[in-house]
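Report on the following structure.
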Amino acid sequence: MRSWCAVYVDVGYLLASAATRVTGSSLRSSVEVDYPGLVAALVRQVEADSGLPVLRVNWYDSGARPGGQPDHHQDQIGLLPQVKLRLGRLSYAGEQKGVDVRLGLDLALQGRSRVADVVYLVSGDDDLTEAVEEAQGAGVQVKLLSVPDVNGLSHAVSKHLRRAADSELLVDCETIDTCVRSRALAPGLVPTAGDEGGDLEIDVEVADAVVASASADDDLDGATVAPVVPEEVSSPVDAVPQAELVPEPEPDGIPVGVPSPAVLGRKRATELVLPPPPGWSAGGDVEAGVALFDAVAYAVVSSWCRTATPASLAELRASRPTIPGELDRALLLDLSSRSGAYDIDDTARHQVRERFWHHVGRVRLS
């Protein structure tokens, strides 16, 4: 009878840990992933480690569409060779349901059936400890395949799960760095105050008012808000050299002074920017002298800013005190991994959420 190895991937753990390594926060939406490359790299690593061919990569995630249905990316993952897509669902609050149960049951039942001799578990969840022991009781060797942090150490793995497993190895750092990339704007597109072309730092209250005035139904505190332009902020047209402006009105009524397409093509995208709090080192050592709750909240908000828009910032501020599910999970997961505490008490939850809103209030547009 031919021997096999198999891979069981807790996608929530894999992507949250990889995002933490790449961006400093576990926010999944802050990264983009080369899924075919990631799966192929995992297969190569476990085959080299075990000396056995891979029977199957079992991919456990929550369906991103209503009813637990897969989105486009998950559909493509399910079509990859030797990949079995196993989906749970998202609750109305945005929480995963059924993912850990599916993974634990499959690991225990397939282990009892001896479908593979060596199993690699990509997860750090303490709740899977009993499933690991059940598979081991059937004679299956279970190895943890954990994600490395920026220091090359395993990230967010329960000590009970680590103790139960037969051994632990790290996903190759090169695999994470190559296949998981930040969705932040490239350096050449990141706007800075004073750039030629009129990019200026604008206070977020001004931006909220402009966004709110885009719809006739938008109002804040019951009063309609009109666009507000600070007196010291000049028109973008004023910042464009006159030689590059369209010199004469066009037949269809375009007024003099409208920037040419060449000028608009050089304009940089608007970006949300969260300045470091006073006293934080310019070298990025955000932990030095800073409370843990502040560091966690800053990392999550800063990571969210990389892909957010002015409209989403206004929507987030309007939702206070309710924090969207994805952001709240990232806060608690990052706090747990940084503090080493598996359970976060109510006081700690309140403090990290309070610091989250503090930093949301500091976000600016550039």
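The values are calculated or read from the model by the stated rules, or taken from the named source; none is laboratory data. Just so it is clear, the structure is predicted and the values come from calculations on it, not from any experiment. Cβ atoms come from the backbone with ideal geometry, glycine included; neighbour counts cover every protein chain shown.
At-a-glance table
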read-out: Selection status of V119, closer than 17 Å to V57 by Cα, more than 27 Å from the chain's Cα centre (by Cα) and modelled with pLDDT under 95; value: no
read-out: Single residue of the range 158-185 satisfying the filter (β-branched (V, I, T) and closer than 14 Å to S146 by Cα) that is surrounded by the fewest Cβ atoms within 10 Å (Cβ to Cβ); value: T175
read-out: Condition check for D126: more than 19 Å from L27 (Cα to Cα), touching a His at 6+ places or on another chain (Cβ under 8 Å), in the same structural domain as T175 (by TED's automatic domain parsing) and among the charged types (D, E, K, R); value: yes
read-out: When residues of the range 134-192 are limited to those that are in a strand (DSSP E or B) and farther than 22 Å from A6 by Cα, the one modelled with the highest pLDDT; value: V180
